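Just below is one structure, and these are the notes that go with it.
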Amino acid sequence: MSKIPGDLRYTKSHEWLRTLPDGSIEIGISDHAQAALGDLVFVEVPEAGRTLSAGDACAVVESVKAASDVYSPVGGEVIAGNDQLATKPELINADPYGQGWILRMRPTGDRGGAELLDATAYAAEVAAAG
Amino acid sequence: MSNTIVKQPEPLIFELSRSGRAATAQYPPAATAEIPAQFRRRSRPALPEVSELQAVRHYTRLSQMNFSIDTQFYPLGSCTMKYNPKACNSLAMLPEFLGRHPLSPASTGQGFMACMFELQEMLKAVTGMAGVSLTPMAGAQGEFTGVAMIRAYHRARGDLARNEIIVPDAAHGTNPATATMCGMKIREIATLPDGDVDLAALDAVLSSATAGIMLTNPCTLGVFERRIVEVERRVHAAGGLLYYDGANLNAILGKVLPGVMGFDVIHMNLHKTFSTPHGGGGPGSGAVGVGKRLLPYLPVPIVGRDGERYRWLDERDLPESIGRLSGFMGNAGVLLRAYVYMRILGADGMERVAEFSTLNANYLMTRLREAGFDAAYPGRRASHEFIITLRRQAHELGVNTMDFAKRLLDYGYHAPTTYFPLLVPECLLIEPTETETREELDGFVDAMTAIRHEAETDAAMVKSAPHTLPVRRLDDVRAAKQLDVAWKPAGA
Amino acid sequence: MPYIPHTSEDVRAMLDRIGVKAIDDLFDEIPKALRVDSLPGVPAALSEMEVARLVAMRAATDGRPLNFIGAGAYEHHIPAPVWALTTRGEIYSAYTPYQAEASQGTLQIMYEFQSMIAGLTAMDVSNASLYDGASALAEACLMAVRAHRRSKSARILVPTTVNPTWRRVASVITEGQGLVLEELPYSTDQGTTIPQALARYDGQDITALVIQQPNFFGQLEDVDALSRWARANGTLIIAVVNPVSLALLAPPGEWGDAGADIACGEAQPLGVPLSSGGPYVGFMTTRTEHVRQMPGRIAGRTVDLDGKPGFTLTLQAREQHIRRGKATSNICTNQGLLMTAATIHLALLGPVGLERVASACVARTRELVSALCGIPGVRAAFAGPRFHEAVLLLDRPAAPLLESLAAEGIIGGYDLSRNFPELGPALLICATETRTTEDIATYARALDRLLGRAVAA
């Protein structure tokens, strides 16, 4: 059973969002997503300063057999990508909600059409797909 | 268990090298090259220095680490790994053919061009198309050509808004990749549980933006698209064109012509249906055929005939051509092999291709089902290939499709295609081809049955297969993370 | 039935097992209206003996003329082991090494090929081949656009001295993705790109500059000056090179101050026969930092469960079978068989042998140019250093001359008038190590006679 922390928001495409104290948000992929992809071998993170609209592909996570785009659930400006992932993509496998964060951004309020789920709803989503 | 001969890793050719050793019989006489210093290379490239015998032994030993059609049953679905007749190779390698420069005047290439002209004509006949160009160098390039012609057709009509290509979710990855390369948007449509295209989903995406649809028929699920006539009517009515991916042409050769199904353009994989060698991953050849509407856009060069003389048709003859795709005329040597194959088979032999590849596939599917394996589409006839899903075994025994595939290698069978198409979980796509004997197919069923028994009694052994090959399972993750893709001399 | 092994007893037993009466019943899901009963446009079958006779006759019609054309395809001696090994069934009839454990031969050859090509071009990494040189250039242009993140223009400068057919192919293949290929002029005296022509692009967003060395005319470009301009302008460098020439000429990895970013070209001169234009074998190398943007298959060295070294396809997530619509290219196959030939060819020649071949090419071409330029009405178009091709200017149209030469069994060169009309009647000629002094004399005598006769008439 994959871990789904109760304090985060999720998307149906398996990203998670954490709102940080300063109002910026952190984005990563869920434990379920990393398990489905398997050992990650490469992660491409966005450069700071890039402007994203909700639903934009903002990062790529790659395992040996699969590659997935990570979609930004909200619009905003990228503050930082997690540069550690360039040499240690396995951080996402080991700690998807912590050291495996992918990017931080300053949201502009653009929510697009993306529906954000709480942990319970996301758990149901994962169970239904499983 | 039959297997490869060489069991131990072979050193790299660079590791056999000794400075000053050489295969000197291959050297031309020494000559002085007057190249000014500023243009010159400063140090010699790191190439191996070995004797001729060392090189021969090294590459012979490497060859013995391969599975191949000549040594093993190779039922790789969607790849049509049938026997590559030796005559096709030896005749394509006649010295006159090998020595002919592609830019020699047509007056010195009439023999070669006659073969190419007849090949074009035969390919038209087996596809029901109005014109053929032989230049695309592989299936994917044939696809590119086809979509580029569709784009050119709409443009020429001023129909500039058509920028969407419809692709079923069961399609080969090359289809969407090709559409993207041509600057098209991809609209993916679902497949019904019985393997046919979902017509409602098709209706939902058809619009004035539809440039065309790319279909493989029989599709990659190993079944014939029964509603192809309805698909054709709908797409044409919407103003789109139909592209036939010829990956599975072997299944219908001489039985159904893509032109009669209403397709406007087709690419053929000569390395599949017409048995040219796969060569460890190429060369392929992706000749394209078109209906009347797309004739003006065919890529050049094409062989034309004026009376008794053959000549190259180029941009001057086909001013609306999409242009050129290769440095010369495509993979001529592959085309010659396909030509010889078609002449030896003749019309009759070609009809037998579809019949016996279908017979073998249905027989193998029947026998595997009797042995307790699950067909993915049990209510359907197999085409020249079919899918077995090992979902039940994976669930009950903890042994997945990849484990079965690797263990098959120990039994001396190349594994079928695994995990493709993506729609069917834990799938094996199995294509036996017409050139295999019934005994070989029976042996494969026995191996699958034996592996399942092993999985029930010693799952760990199956999960760590293969056990009898030069290497055991390889660390793919390390290969991707600690990238080592070129040998470098010490100190470099 | 050629190549079909079934006995009538097999067929009966198999149909019984399936539970149908006839083979035709297996096609019952195909709508009747779509079925055909015969293939009228296909001739009846011939035996292997009959086909062999027919095809040998056709080949004999074409004969084996004495060849002096290069223009992208070069006649070299191919050591006997190359094709004896390459056509072994275990190599010839294998497929893409998706089952790595059962394909270590193919995979190791890929790795050796990558190593040799990376070494020759002095670049970090190579793929395991592309279709041919022309399509490799197209792929290099697409790759440059992906690799150069800061450049938004997708403008690529392509000198007119780059093979004209390759330029056309690159534009056909890249057009759909919005690339703009812009031509750079050349000096009609030197036959090389004018470095000053780049000045008008100073400071502009140019994604990449293509440099072919030796260029289509066989002349040597000032690759250092061109590379330095590109580097200073934030423009990537795409090198197009002949691998044989790299035994003598500075490799792309050493051009200018920092080397090229992508090198590509046609490896046909390494063990692949002319064979009317294909199958050939394109290659591509790059810097490690761009490897994920490189198209085509790549073999990597790793270890197995026991820690034993072995090879596998790697970075497959770039490719169409995984990335589908977002792949680096739609390319699926490489040119495995030709790549194998090139690898064995290089192993047999080694660094010294390849240098001998390259030097002989330069020397033979010089001999050819000097022999032909001694004939009234013929002169060399360009001064300056060259590799193994040269442009000759003629005092009359080349096409009829070439036809007359062909009638005497001499393929006299490539007529440049269609692609380079500004040169007037001009011929691109080539001599490799395979042309002897006697071959050259034969050509010179024939040309002398033809030119003299035409004047007399």
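The values are calculated or read from the model by the stated rules, or taken from the named source; none is laboratory data. Given the structure is predicted, the values throughout are model-derived calculations rather than measurements. Neighbour counts are summed over all protein chains in view; Cβ atoms, including those assigned to glycine, are modelled from backbone coordinates with ideal geometry. Accessible surface is based on the protein model in full, side chains and every heavy atom, while ligands, DNA and RNA are left aside. Shrake-Rupley method; radii C 1.70, N 1.55, O 1.52, S 1.80 Å.
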Which listed residue, of C:R301, C:R323, C:R297, is open to solvent by less than 10 Å² (accessible area, probe 1.4 Å), farther than 25 Å from C:I429 by Cβ and not assigned by TED's automatic domain parsing to the domain that holds C:A444: C:R297
Helices (runs of 4 or more DSSP H) enclosed by the stretch C:92-185 - at least 3 residues per element that are in contact (Cβ under 8 Å) with a residue 40 or more places away in the chain and within 30 Å of C:K308 (Cα to Cα): C:104-121
Matching residues in the stretch B:423-441 - criterion: being over 18 Å from the mean Cα position of the chain (by Cα) and either more than 10 Å from chain C (Cβ to nearest Cβ) or of a type in the set (A, V, I, L, M, F, W, C) (or both): B:L423, B:V424, B:P425, B:E426, B:C427, B:L441
Only one of B:S104, B:S133 that is under 26 Å from C:R53 (Cβ atoms) and among the polar types (S, T, N, Q): B:S104
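Here's the yes/no breakdown for (1) in contact with a Cys (Cβ under 9 Å, 6 or more places away or on another chain); (2) farther than 30 Å from B:M261 by Cβ; (3) of a type in the set (S, T, N, Q):
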{"site": "C:M1", "(1), (2), (3)": "no, no, no"}
{"site": "C:V11", "(1), (2), (3)": "no, no, no"}
{"site": "C:I18", "(1), (2), (3)": "no, no, no"}
{"site": "C:P31", "(1), (2), (3)": "no, no, no"}
{"site": "C:P43", "(1), (2), (3)": "no, no, no"}
{"site": "C:E48", "(1), (2), (3)": "no, yes, no"}
{"site": "C:V55", "(1), (2), (3)": "yes, yes, no"}
Members of the stretch B:152-181 that are part of a helix (DSSP H, G or I) and either polar (S, T, N, Q) or surrounded by 24 or more Cβ atoms within 10 Å (Cβ to Cβ) (or both): B:T174, B:N175, B:P176, B:A177, B:T178, B:A179, B:T180, B:M181
Subset of the stretch B:360-413 [in contact with a strand residue (DSSP E or B) (Cβ under 8 Å, 6 or more places away or on another chain) and open to solvent by 10 Å² or more (accessible area, probe 1.4 Å)]: B:M365, B:R369, B:D374, B:A375, B:A376, B:Y377, B:T389, B:R391, B:R392, B:M402, B:Y413
Number of positions in the stretch C:64-86 that are open to solvent by 40 Å² or more (accessible area, probe 1.4 Å) and in a loop (DSSP other than H, G, I, E, B): 5
Residues of the stretch B:235-253 satisfying the condition of being away from chain C (no Cβ under 12 Å), buried (at least 24 other Cβ atoms within 10 Å of the Cβ) and assigned to a loop (DSSP other than H, G, I, E, B): B:G240, B:N248
Test result for B:P218, in the same structural domain as B:G286 (by TED's automatic domain parsing), open to solvent by 20 Å² or more (accessible area, probe 1.4 Å) and under 21 Å from B:L428 (Cα atoms): no
B:G139 closer than 22 Å to B:L325 by Cα and in contact with a His (Cβ under 9 Å, 6 or more places away or on another chain): yes
Per-region count, the stretch B:44-79, residues more than 7 Å from every other protein chain (Cβ to nearest Cβ), open to solvent by less than 10 Å² (accessible area, probe 1.4 Å) and closer than 30 Å to B:S19 by Cβ: 1
All positions within the stretch C:87-109 that are modelled with pLDDT under 95, surrounded by 24 or more Cβ atoms within 10 Å (Cβ to Cβ) and among the hydroxyl-bearing types (S, T, Y): C:Y95
Subset of the stretch C:256-290 that is more than 13 Å from the chain's Cα centre (by Cα), open to solvent by 10 Å² or more (accessible area, probe 1.4 Å) and of a type outside the set (S, T, Y) - its residue that is farthest from the other protein chains (Cβ to nearest Cβ): C:A258
Odd one out for B:E232 among (1) modelled with pLDDT under 95; (2) within 14 Å of chain C (Cβ to nearest Cβ): (1)
Residue in the stretch C:188-196 that is away from chain B (no Cβ under 11 Å) and in a helix (DSSP H, G or I) present: yes
Number of the condition not met by C:I109 [criteria: (1) within 8 Å of another protein chain (Cβ to nearest Cβ); (2) more than 23 Å from C:L270 (Cβ to Cβ)]: (2)
Among (1) at the interface with chain B (Cβ under 7 Å from one of its Cβ atoms); (2) outside any loop (DSSP other than H, G, I, E, B); (3) open to solvent by less than 30 Å² (accessible area, probe 1.4 Å), the one test that C:T61 misses: (3)
Subset tally (residues that are part of a strand (DSSP E or B), open to solvent by 10 Å² or more (accessible area, probe 1.4 Å) and hydrophobic (A, V, I, L, M, F, W, C)) for the stretch B:182-192: 1
Qualifying residue in the stretch B:80-87 (condition: open to solvent by less than 10 Å² (accessible area, probe 1.4 Å), more than 7 Å from chain C (Cβ to nearest Cβ) and in a loop (DSSP other than H, G, I, E, B)): yes
Evaluation of C:A44 against (1) more than 7 Å from every other protein chain (Cβ to nearest Cβ); (2) among the aliphatic types (A, V, I, L, M); (3) closer than 25 Å to B:G131 by Cα; (4) in a loop (DSSP other than H, G, I, E, B) (one fails), failing number: (1)
Answer residue from the stretch C:215-226, given it is out of contact with any Pro (no Cβ under 9 Å at 6 or more places or on another chain) and either under 18 Å from C:P185 (Cβ atoms) or surrounded by 24 or more Cβ atoms within 10 Å (Cβ to Cβ) (or both) and is nearest to the other protein chains (Cβ to nearest Cβ) among those: C:G218
Within the stretch C:346-387, tally of residues that are modelled with pLDDT under 95 and of a type in the set (S, T, Y): 0
Residues that are closer than 18 Å to B:E351 by Cα and surrounded by 14 or more Cβ atoms within 10 Å (Cβ to Cβ), drawn from the stretch C:1-14: C:M1, C:P2, C:Y3, C:I4, C:P5, C:H6, C:V11
Condition met for C:Y131 (within 7 Å of chain B (Cβ to nearest Cβ), buried (at least 24 other Cβ atoms within 10 Å of the Cβ), at pLDDT below 95 and out of contact with any Lys or Arg (no Cβ under 8 Å at 6 or more places or on another chain)): no
Residue, farthest from the other protein chains (Cβ to nearest Cβ), within the stretch B:99-130, restricted to residues that are open to solvent by 30 Å² or more (accessible area, probe 1.4 Å) and more than 18 Å from C:R58 (Cβ to Cβ): B:A130
Residue in the stretch A:87-96 that is small (G, A, S) and either at pLDDT below 95 or within 20 Å of A:L20 (Cβ to Cβ) (or both) present: no
Boolean, B:A37 is within 7 Å of another protein chain (Cβ to nearest Cβ) and either surrounded by fewer than 23 Cβ atoms within 10 Å (Cβ to Cβ) or touching a strand residue (DSSP E or B) at 6+ places or on another chain (Cβ under 8 Å) (or both): no
